[in-house]
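Visitor: My questions will all concern the structure given below.
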Amino acid sequence: MKKMMMMVGAAMMSASSFALETSNVLPFEDVRVNVPARVRFVHGESYKVDVESADTLAASGIRVNVKDGVLRITSIDANEAQSEVFVTIMSPVEPKLSVGRNMEVRPAKREKENR
């Protein structure tokens, strides 16, 4: 019974969220985002991109590639997903950002610092 509950729990967790992780992508200096997604930049020692969504089709439909020093994040499906997509970009340098039409860039809300 305990084993069955663990399997059901694992299945529920995998159904509720999906992550496509692209580790160690080639170095990039520019980022072009052409998908409706919440994008977060994180300073790190390597180049890495994580794509997450509750909708597995939305997450698996995102393509990430680097060509000529430009990280491109695009969608292979013309139909927009109903679920939100979250993209985390890790880079040791702050890249330039270009976004597609009808998209906006807003800074993340910062939590108040305790001093």
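The values are calculated or read from the model by the stated rules, or taken from the named source; none is laboratory data. Being a predicted model, the structure only gives us computed values, none of them experimental. Here Cβ is always computed from backbone atoms with ideal geometry, including for glycine, and neighbour counts include all displayed protein chains.
Visitor: Out of the residues in region 95-115 meeting the condition of being part of a loop (DSSP other than H, G, I, E, B) and among the polar types (S, T, N, Q), tell me which one is modelled with the highest pLDDT.
Guide: Asn102
Visitor: Only one of (1) at pLDDT 90 or above; (2) loosely packed, with under 13 Cβ neighbours inside 10 Å; (3) in contact with a strand residue (DSSP E or B) (Cβ under 9 Å, 6 or more places away or on another chain) is not met by Asn24, so which one is it?
Guide: In the conditions (1) at pLDDT 90 or above; (2) loosely packed, with under 13 Cβ neighbours inside 10 Å; (3) in contact with a strand residue (DSSP E or B) (Cβ under 9 Å, 6 or more places away or on another chain), Asn24 misses (1) alone.
Visitor: Say whether the condition of being among the hydrophobic types (A, V, I, L, M, F, W, C) and either exposed (fewer than 13 other Cβ atoms within 10 Å of the Cβ) or in a loop (DSSP other than H, G, I, E, B) (or both) is met by at least one residue in region 46-61.
Guide: Yes.
Visitor: Just checking, which of Val35, Val8, Val31 is modelled with pLDDT of 90 or more, aliphatic (A, V, I, L, M) and at negative phi?
Guide: None of the others qualify; the one that does is Val31.
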